[in-house]
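Student: First the structure, which I've put down as C-alpha coordinates, then a few questions once you've had a look.
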Amino acid sequence: MRRAIYPGSFDPVTNGHLDIIERGCKLFDEIIIGILVNPEKHPLFTTQERHEMLTAVLRDINKGNCELRVDSFSGLLVNYAVAQQADAIVRGIRAISDYEYELQMALMNRRLEPSIETVFMMPAEIYSYVSSRLVKEVFQLGGAIEGLVPPLIEKKMREKTNENK
Ligand code: PNS
(Lines give C-alpha, C1' and ligand atoms only; values in the text may rest on other atoms or scores of the structure.)
Protein backbone atom coordinates (compact mmCIF):
# COMPACT_ATOMS: atom_id res chain seq x y z
CA MET A 1 0.00 0.00 0.00
CA ARG A 2 1.75 3.14 -1.25
CA ARG A 3 0.41 6.51 -0.15
CA ALA A 4 1.51 9.89 -1.49
CA ILE A 5 0.73 13.47 -0.68
CA TYR A 6 0.27 15.87 -3.59
CA PRO A 7 0.56 19.27 -1.91
CA GLY A 8 -0.14 22.68 -3.35
CA SER A 9 -2.19 25.85 -3.28
CA PHE A 10 -4.59 24.71 -6.03
CA ASP A 11 -5.87 28.26 -6.41
CA PRO A 12 -7.45 27.07 -8.64
CA VAL A 13 -6.79 23.49 -9.70
CA THR A 14 -5.66 23.34 -13.35
CA ASN A 15 -5.64 20.61 -15.96
CA GLY A 16 -1.90 20.39 -15.31
CA HIS A 17 -2.57 19.39 -11.68
CA LEU A 18 -5.12 16.80 -12.82
CA ASP A 19 -2.65 15.40 -15.33
CA ILE A 20 -0.08 14.92 -12.54
CA ILE A 21 -2.69 13.24 -10.31
CA GLU A 22 -3.62 10.84 -13.11
CA ARG A 23 0.04 9.97 -13.62
CA GLY A 24 0.57 9.64 -9.86
CA CYS A 25 -2.30 7.15 -9.77
CA LYS A 26 -0.17 4.78 -11.85
CA LEU A 27 2.44 4.74 -9.08
CA PHE A 28 0.48 5.02 -5.84
CA ASP A 29 -2.48 3.24 -4.26
CA GLU A 30 -3.64 6.39 -2.55
CA ILE A 31 -2.98 10.08 -3.15
CA ILE A 32 -3.96 12.73 -0.64
CA ILE A 33 -4.35 16.09 -2.34
CA GLY A 34 -3.21 18.47 0.39
CA ILE A 35 -4.30 22.08 0.08
CA LEU A 36 -1.90 24.41 1.86
CA VAL A 37 -3.76 26.77 4.19
CA ASN A 38 -1.75 29.97 3.95
CA PRO A 39 -3.80 33.14 4.47
CA GLU A 40 -0.70 35.26 3.75
CA LYS A 41 -0.94 34.21 0.11
CA HIS A 42 -4.33 35.98 -0.27
CA PRO A 43 -5.87 33.22 -2.38
CA LEU A 44 -8.67 33.88 -4.86
CA PHE A 45 -10.66 30.93 -3.50
CA THR A 46 -11.10 30.00 0.16
CA THR A 47 -9.74 26.66 1.36
CA GLN A 48 -13.30 25.36 1.55
CA GLU A 49 -14.01 26.43 -2.05
CA ARG A 50 -10.78 24.87 -3.30
CA HIS A 51 -11.62 21.69 -1.42
CA GLU A 52 -15.07 21.51 -3.05
CA MET A 53 -13.74 22.35 -6.52
CA LEU A 54 -11.02 19.69 -6.30
CA THR A 55 -13.46 17.07 -5.02
CA ALA A 56 -15.82 17.82 -7.92
CA VAL A 57 -13.25 17.71 -10.73
CA LEU A 58 -11.51 14.60 -9.39
CA ARG A 59 -14.68 12.64 -10.07
CA ASP A 60 -14.00 12.93 -13.81
CA ILE A 61 -10.37 11.89 -13.97
CA ASN A 62 -8.85 8.58 -14.92
CA LYS A 63 -7.68 7.26 -11.55
CA GLY A 64 -7.76 3.48 -12.05
CA ASN A 65 -7.81 1.77 -8.65
CA CYS A 66 -6.15 4.68 -6.92
CA GLU A 67 -7.89 6.17 -3.89
CA LEU A 68 -8.01 9.97 -3.95
CA ARG A 69 -8.67 12.13 -0.92
CA VAL A 70 -8.78 15.92 -0.67
CA ASP A 71 -7.56 17.48 2.57
CA SER A 72 -5.96 20.69 3.80
CA PHE A 73 -2.95 21.31 6.00
CA SER A 74 -0.94 24.07 7.60
CA GLY A 75 2.58 24.06 8.98
CA LEU A 76 5.40 21.90 7.69
CA LEU A 77 4.54 19.64 4.79
CA VAL A 78 6.74 16.82 6.09
CA ASN A 79 4.96 16.84 9.47
CA TYR A 80 1.67 16.54 7.64
CA ALA A 81 3.06 13.74 5.45
CA VAL A 82 4.26 11.80 8.50
CA ALA A 83 0.91 12.31 10.27
CA GLN A 84 -0.81 10.89 7.19
CA GLN A 85 1.65 7.97 7.09
CA ALA A 86 2.61 8.88 3.54
CA ASP A 87 5.59 7.36 1.76
CA ALA A 88 6.14 10.16 -0.69
CA ILE A 89 5.43 13.71 -1.77
CA VAL A 90 4.51 14.18 -5.43
CA ARG A 91 5.43 17.41 -7.20
CA GLY A 92 5.01 18.33 -10.84
CA ILE A 93 7.93 19.81 -12.75
CA ARG A 94 7.02 21.69 -15.90
CA ALA A 95 10.29 23.20 -16.98
CA ILE A 96 13.87 23.64 -15.84
CA SER A 97 12.76 26.89 -14.18
CA ASP A 98 10.67 24.85 -11.71
CA TYR A 99 13.55 22.52 -10.97
CA GLU A 100 15.74 24.75 -8.80
CA TYR A 101 12.98 25.67 -6.37
CA GLU A 102 11.60 22.14 -6.32
CA LEU A 103 15.04 20.65 -5.74
CA GLN A 104 15.59 23.04 -2.84
CA MET A 105 12.26 22.08 -1.29
CA ALA A 106 12.80 18.37 -1.86
CA LEU A 107 16.24 18.44 -0.25
CA MET A 108 15.05 20.55 2.68
CA ASN A 109 12.12 18.19 3.18
CA ARG A 110 14.49 15.23 3.05
CA ARG A 111 16.73 16.84 5.67
CA LEU A 112 13.72 17.47 7.89
CA GLU A 113 12.25 14.01 7.36
CA PRO A 114 14.49 11.43 5.65
CA SER A 115 11.74 8.79 5.57
CA ILE A 116 9.67 10.72 3.02
CA GLU A 117 10.74 10.63 -0.63
CA THR A 118 9.87 13.34 -3.15
CA VAL A 119 8.77 12.11 -6.56
CA PHE A 120 8.92 14.59 -9.44
CA MET A 121 6.54 13.99 -12.31
CA MET A 122 6.33 15.70 -15.70
CA PRO A 123 2.94 16.76 -17.00
CA ALA A 124 1.92 16.40 -20.64
CA GLU A 125 3.74 18.96 -22.82
CA ILE A 126 0.48 20.80 -23.49
CA TYR A 127 0.39 21.75 -19.81
CA SER A 128 4.06 22.65 -19.51
CA TYR A 129 3.27 26.38 -19.40
CA VAL A 130 0.06 26.17 -17.34
CA SER A 131 0.08 27.56 -13.81
CA SER A 132 -2.71 28.70 -11.47
CA ARG A 133 -1.11 32.15 -11.36
CA LEU A 134 -1.12 32.61 -15.16
CA VAL A 135 -4.61 31.15 -15.51
CA LYS A 136 -5.91 33.72 -13.01
CA GLU A 137 -4.06 36.57 -14.70
CA VAL A 138 -5.23 35.67 -18.20
CA PHE A 139 -8.80 35.17 -17.01
CA GLN A 140 -8.89 38.43 -15.08
CA LEU A 141 -7.67 40.26 -18.19
CA GLY A 142 -10.37 38.70 -20.35
CA GLY A 143 -8.27 36.02 -22.11
CA ALA A 144 -9.52 32.52 -22.94
CA ILE A 145 -8.61 29.77 -20.46
CA GLU A 146 -10.57 26.99 -22.13
CA GLY A 147 -8.62 23.73 -22.02
CA LEU A 148 -6.37 24.96 -19.22
CA VAL A 149 -8.85 24.28 -16.41
CA PRO A 150 -11.95 22.05 -16.28
CA PRO A 151 -15.18 23.83 -17.36
CA LEU A 152 -16.46 23.80 -13.73
CA ILE A 153 -13.39 25.74 -12.59
CA GLU A 154 -13.87 28.32 -15.35
CA LYS A 155 -17.47 28.72 -14.19
CA LYS A 156 -16.36 29.16 -10.55
CA MET A 157 -13.83 31.77 -11.66
CA ARG A 158 -16.55 33.67 -13.49
CA GLU A 159 -18.77 33.53 -10.39
CA LYS A 160 -15.91 34.69 -8.17
CA THR A 161 -15.15 37.62 -10.47
CA ASN A 162 -18.81 38.70 -10.34
CA GLU A 163 -18.78 38.26 -6.54
CA ASN A 164 -15.74 40.52 -6.22
CA LYS A 165 -17.17 43.27 -8.46
O1 PNS B 1 1.23 25.10 -5.24
P2 PNS B 1 2.47 25.60 -4.60
O3 PNS B 1 2.23 26.98 -4.03
O4 PNS B 1 3.65 25.54 -5.51
O5 PNS B 1 2.82 24.62 -3.36
C6 PNS B 1 3.87 24.91 -2.48
C7 PNS B 1 3.88 23.96 -1.27
C8 PNS B 1 2.53 23.87 -0.62
C9 PNS B 1 4.29 22.57 -1.71
C10 PNS B 1 4.94 24.51 -0.26
O11 PNS B 1 4.72 25.87 -0.09
C12 PNS B 1 4.90 23.82 1.09
O13 PNS B 1 5.26 22.68 1.21
N14 PNS B 1 4.44 24.55 2.12
C15 PNS B 1 4.28 24.03 3.47
C16 PNS B 1 5.29 24.66 4.42
C17 PNS B 1 6.61 23.92 4.37
O18 PNS B 1 6.70 22.73 4.62
N19 PNS B 1 7.68 24.67 4.03
C20 PNS B 1 9.02 24.14 3.90
C21 PNS B 1 9.24 23.60 2.51
S22 PNS B 1 10.87 23.02 2.28
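The values are calculated or read from the model by the stated rules, or taken from the named source; none is laboratory data. Because the structure is a prediction, the values reported are computed rather than measured. Every residue, glycine as well, gets a Cβ built from its backbone with ideal geometry; the counts of neighbours run over all protein chains shown. Just the protein is used for accessible areas: all its heavy atoms, side chains included, with ligands, DNA and RNA removed. Shrake-Rupley method; radii C 1.70, N 1.55, O 1.52, S 1.80 Å.
Student: With every protein chain left in place, what is the accessible area per residue of the chain in square angstrom, probe 1.4 Å?
Tutor: Numbers: 9540 Å² over 165 residues.
I get 58 Å² per residue for this part.
Student: Which percent, nearest 5, of DSSP beta bridges in the stretch 6-165 are antiparallel?
Tutor: Values: 0 of 16 bridges.
Antiparallel bridges: around 0 percent, rounded to the nearest 5.
Student: Here's a follow-up. Enter the Cα centre distance for the pair the stretch 23-80 and the stretch 109-165, rounded to the nearest angstrom.
Tutor: About 13 Å separates the Cα centre of the stretch 23-80 from the one of the stretch 109-165.
Student: Determine the sum of side-chain charges near Arg94: Lys and Arg each +1, Asp and Glu each -1, restricted to other residues whose C-beta is under 15 angstrom from that of Arg94. Before the final figure, lay out the partial values.
Tutor: Details: positive: Arg23, Arg91, Arg133; negative: Asp19, Asp98, Glu100, Glu102, Glu125.
Net charge around Arg94: -2.
Student: I would also like to ask the following. Lys63: which lysines have alpha carbons under 23 Å from its alpha carbon, excluding same-chain residues fewer than 8 sequence positions away?
Tutor: Filter leaves Lys26.
Student: Further question: Give me the percent of accessible area attributable to carbon and sulfur for the stretch 1-82, probe 1.4 angstrom.
Tutor: Result for the stretch 1-82: 46 percent of the exposed heavy-atom area is carbon or sulfur.
Student: List the residues whose amide H sits under 5 Å from the amide H of Met122, counting only those 5 or more places along or on another chain, with H placed 1.01 Å from N in the peptide plane.
Tutor: Residues meeting the amide H criterion: Ile93.
Student: Using a Cα-Cα cut-off of under 17 Å, which aspartates and glutamates could be cross-linked to Lys136, ignoring same-chain neighbours fewer than 8 residues away?
Tutor: Asp11, Glu49, Glu146, Glu154, Glu159, Glu163
Student: Could you work out the percent of alpha carbon pairs in the chain separated by over 24 Å, rounded to a whole number?
Tutor: On the way: 4440 of 13530 pairs.
Summing the P(r) of the chain above 24 Å gives 33 percent of all pairs.
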